[in-house]
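Chemist: Quick one: the structure is below, questions incoming.
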Amino acid sequence: MPFTPFHMGPGLLLKALLQGSFSLMVFAWAQIIMDIQPLVVMITGEGHLHGFSHTYVGATLIGIGSALTGKYAAELGLRLLGRSRDSPISWPVAIVSAVIGSYSHVLLDSVMHTDIEPFAPFILDNRVLGLVSVAALHEFCVYSGLVGISLYFAISHWLDGRKHRK
């Protein structure tokens, strides 16, 4: 299903661990861009559901495009949310966040979708399909998100406390 929230679980954990060195908004933008092709296929009924966008070659291009567009979209979003202190997003942070977003998307979807050929055009099979059960994959995503949210707020609270003590 396009735009699944499960992909955000690992992103939340990465945000907690990397804090300002990772943009959750750019990561999320990459997740959305990754699923435009499957959405179009679902709407039109034509094409390969998880086609080129769900290969690592496609994910590389989508990651670059997501970094280029997501940096500015995320900065605008942060300003609108009153979080200007989190802006600007540096280019290295935008690129890393978008590429991690697109590559992790391919990896997670490759474990559960039979029509994905993540290493195409070089290898035309899916060597990670069924590596873990779909239930275990979903649990990993949910629990990593819950741990990520908890850690993010705990670390943020601790860092704020250190700033006030100085």
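The values are calculated or read from the model by the stated rules, or taken from the named source; none is laboratory data. All figures in this text were calculated on a predicted structure; none of them were measured in a lab. Note that we place each Cβ from the backbone using ideal geometry, even for glycine, and neighbour counts take in every protein chain shown.
Chemist: Would region 108-119 turn up any residue that is hydrophobic (A, V, I, L, M, F, W, C), outside any helix (DSSP H, G or I) and more than 22 Å from Pro5 (Cβ to Cβ)?
Modeler: Pass one, region 108-119, residues hydrophobic (A, V, I, L, M, F, W, C): 108, 111-112, 116, 119.
When the remaining residues are screened for being outside any helix (DSSP H, G or I), the result is 116, 119.
Applying the additional criterion that residues be more than 22 Å from Pro5 (Cβ to Cβ) yields 119.
Yes: one or more hits.
Chemist: Let me ask another. Mind checking which residues of region 74-94 are assigned to a helix (DSSP H, G or I) and in contact (Cβ under 8 Å) with a residue 12 or more places away in the chain?
Modeler: Within region 74-94, the first condition is being assigned to a helix (DSSP H, G or I), and the residues that meet it are 74-80, 84-86, 91-94.
Hits for region 74-94 are Ala74, Glu75, Gly77, Leu78, Asp86, Trp91, Val93, Ala94.
Chemist: Residue by residue through region 95-133, note down the ones that are in contact (Cβ under 8 Å) with a residue 12 or more places away in the chain and acidic (Asp, Glu). Explain how you work it out, then say what you get.
Modeler: To start, the set of residues in region 95-133 that are in contact (Cβ under 8 Å) with a residue 12 or more places away in the chain comprises 95-121, 126, 128-132.
Those that are in contact (Cβ under 8 Å) with a residue 12 or more places away in the chain and acidic (Asp, Glu): Asp109, Asp115, Glu117.
Chemist: Related question: Sort out which residues of region 61-94 are within 26 Å of Ile123 (Cα to Cα) and crowded, with 16+ Cβ neighbours inside 10 Å, and write them in order of number. Even if it seems obvious, please write down each step before you answer.
Modeler: Residues of region 61-94 within 26 Å of Ile123 (Cα to Cα): 61-66.
Hits for region 61-94 are Ile62, Gly63, Ser66.
Chemist: If you scan region 1-60, which residues turn out to be small (Gly, Ala, Ser), closer than 14 Å to Val99 by Cα and either touching a Phe, Trp or Tyr at 6+ places or on another chain (Cβ under 8 Å) or surrounded by 15 or more Cβ atoms within 10 Å (Cβ to Cβ) (or both)? Steps first, answer last, please.
Modeler: Step one: filter region 1-60 for residues small (Gly, Ala, Ser), giving 9, 11, 16, 20-21, 23, 28, 30, 45, 47, 51, 53, 58-59.
Restricting the remaining residues to those that are closer than 14 Å to Val99 by Cα gives 11, 21, 23, 28, 30, 53, 58-59.
Gly11, Ser23, Ala28, Ala30, Ser53, Gly58, Ala59 - these are the residues of region 1-60 that are small (Gly, Ala, Ser), closer than 14 Å to Val99 by Cα and either touching a Phe, Trp or Tyr at 6+ places or on another chain (Cβ under 8 Å) or surrounded by 15 or more Cβ atoms within 10 Å (Cβ to Cβ) (or both).
Chemist: Is it fair to say Lys71 is assigned to a helix (DSSP H, G or I), under 11 Å from the mean Cα position of the chain (by Cα) and at pLDDT 95 or above? Outline the logic, then answer.
Modeler: Values: assigned to a helix (DSSP H, G or I): yes; under 11 Å from the mean Cα position of the chain (by Cα): no; at pLDDT 95 or above: yes.
No.
Chemist: Still on this structure: Which residue is farthest from Ser150 (Cα to Cα), if the candidates are limited to region 5-23 and must be assigned to a helix (DSSP H, G or I) and of a type in the set (Gly, Ala, Ser)? Steps first, answer last, please.
Modeler: At the first step, the residues of region 5-23 found to be assigned to a helix (DSSP H, G or I) are 5-21.
Going one step further and asking which of them are of a type in the set (Gly, Ala, Ser), we end up with 9, 11, 16, 20-21.
Details: Gly9: 12, Gly11: 13, Ala16: 8, Gly20: 16, Ser21: 18 Å.
Among those residues, the one meeting the criterion is Ser21.
Chemist: Another question, if that's okay. In region 123-159, how many residues are assigned to a helix (DSSP H, G or I) and farther than 19 Å from Tyr56 by Cβ? Even if it seems obvious, please write down each step before you answer.
Modeler: As a first pass, look at region 123-159 and keep what is assigned to a helix (DSSP H, G or I): 134-159.
Narrowing further to those that are farther than 19 Å from Tyr56 by Cβ: 134-136, 138-159.
Residues flagged as assigned to a helix (DSSP H, G or I) and farther than 19 Å from Tyr56 by Cβ within region 123-159 amount to 25.
Chemist: Next question, about the same structure. Being of a type outside the set (Val, Ile, Thr), closer than 16 Å to Tyr103 by Cβ and surrounded by 13 or more Cβ atoms within 10 Å (Cβ to Cβ) is the filter here, so list the residues in region 113-132 that pass it. Walk me through how you get there before you give the answer.
Modeler: Of all residues in region 113-132, those of a type outside the set (Val, Ile, Thr) come to 113, 115, 117-122, 124-127, 129-131.
Cutting the leftovers down to closer than 16 Å to Tyr103 by Cβ gives us 113, 117-120, 122, 126-127, 131.
His113, Glu117, Pro118, Phe119, Ala120, Asn126, Leu131 - these are the residues of region 113-132 that are of a type outside the set (Val, Ile, Thr), closer than 16 Å to Tyr103 by Cβ and surrounded by 13 or more Cβ atoms within 10 Å (Cβ to Cβ).
Chemist: Could you check region 24-65 and list, in sequence order, the residues that are under 21 Å from Phe6 (Cα atoms) and either charged (D, E, K, R) or not in a helix (DSSP H, G or I) (or both)?
Modeler: Of everything in region 24-65, those that are under 21 Å from Phe6 (Cα atoms) and either charged (D, E, K, R) or not in a helix (DSSP H, G or I) (or both) turn out to be Asp35, Leu49, His50, Gly51, Thr55.
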